[in-house]
Amino acid sequence: MPKTSEPKLAPAQWQAQFDRAAAAVQRDYCDLFKFWRDCGRKGCRKAQSCTGDAHACLKSGKDKVPYEARIKAQAAIVAATPPGAGAAERAARRFHPSDFYV
């Protein structure tokens with residue numbers, strides 16, 4: 001696959017893009033693991049999706065998910081990376097669920 005030319009971002013801009021992508025990836029993990037089923041927020045259960053604090057939800061629930069399932073979820077997140085995703089989004093999508101809490 002040929003490399004595409006991406007505009008050079010200032011470190012603060014790259015970090016902001018990474019932070020937005022990381023928040024979306026954490027929400028995706030929460031949805032893949034179906035944490036909304038046991039969530040105390042009515043909105044999450046009604047939407048059948050994480051609508052609250054995905055960071056806190058993933059942090060508290062990740063260890064309840066078997067390691068093999070976490071690896072499969074990571075592979076699914078990486079595989080779903082849009083073709084035109086920037087470097088910051090690609091980096092966030094490579095994070096394992098536990099990597100957000102090191």
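The values are calculated or read from the model by the stated rules, or taken from the named source; none is laboratory data. These numbers come from a predicted model, not from an experiment. Cβ coordinates were reconstructed from backbone atoms using ideal geometry, including for glycine residues, and neighbour counts include every protein chain displayed.
Structure values in brief
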read-out: Those residues of segment 56-80 which are within 13 Å of the chain's Cα centre (by Cα) and surrounded by 15 or more Cβ atoms within 10 Å (Cβ to Cβ), in sequence order; value: Cys57, Leu58, Lys59, Lys62, Arg70, Ala73, Gln74, Ile77
read-out: Count of segment 90-102 residues which are among the basic types (Lys, Arg) and assigned to a helix (DSSP H, G or I); value: 2
read-out: Any hit, segment 13-21, residues being of a type in the set (S, T, N, Q), touching a His at 6+ places or on another chain (Cβ under 6 Å) and surrounded by 15 or more Cβ atoms within 10 Å (Cβ to Cβ); value: no
read-out: Single match in Arg37, Arg93 (criterion: without any contact (Cβ under 8 Å) to a residue 40 or more places away in the chain, touching a helix residue (DSSP H, G or I) at 6+ places or on another chain (Cβ under 9 Å) and charged (D, E, K, R)); value: Arg37
read-out: Residue count, segment 92-102 (criterion: farther than 15 Å from Leu32 by Cα, modelled with pLDDT under 95 and under 11 Å from the mean Cα position of the chain (by Cα)); value: 2
read-out: Residue among Leu32, Leu58, Leu9 that alone is on the phi < 0 side of the Ramachandran plot, touching a residue at least 40 places away in the same chain (Cβ under 8 Å) and in contact with a Cys (Cβ under 6 Å, 6 or more places away or on another chain); value: Leu58
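To keep it simple, each residue is scored yes or no on (1) more than 17 Å from the chain's Cα centre (by Cα); (2) within 16 Å of Arg90 (Cβ to Cβ).
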site: Gln13; (1), (2): yes, yes
site: Ala23; (1), (2): no, yes
site: Lys34; (1), (2): no, no
site: Arg41; (1), (2): yes, no
site: Lys46; (1), (2): yes, no
site: Cys50; (1), (2): no, no
site: Asp53; (1), (2): no, no
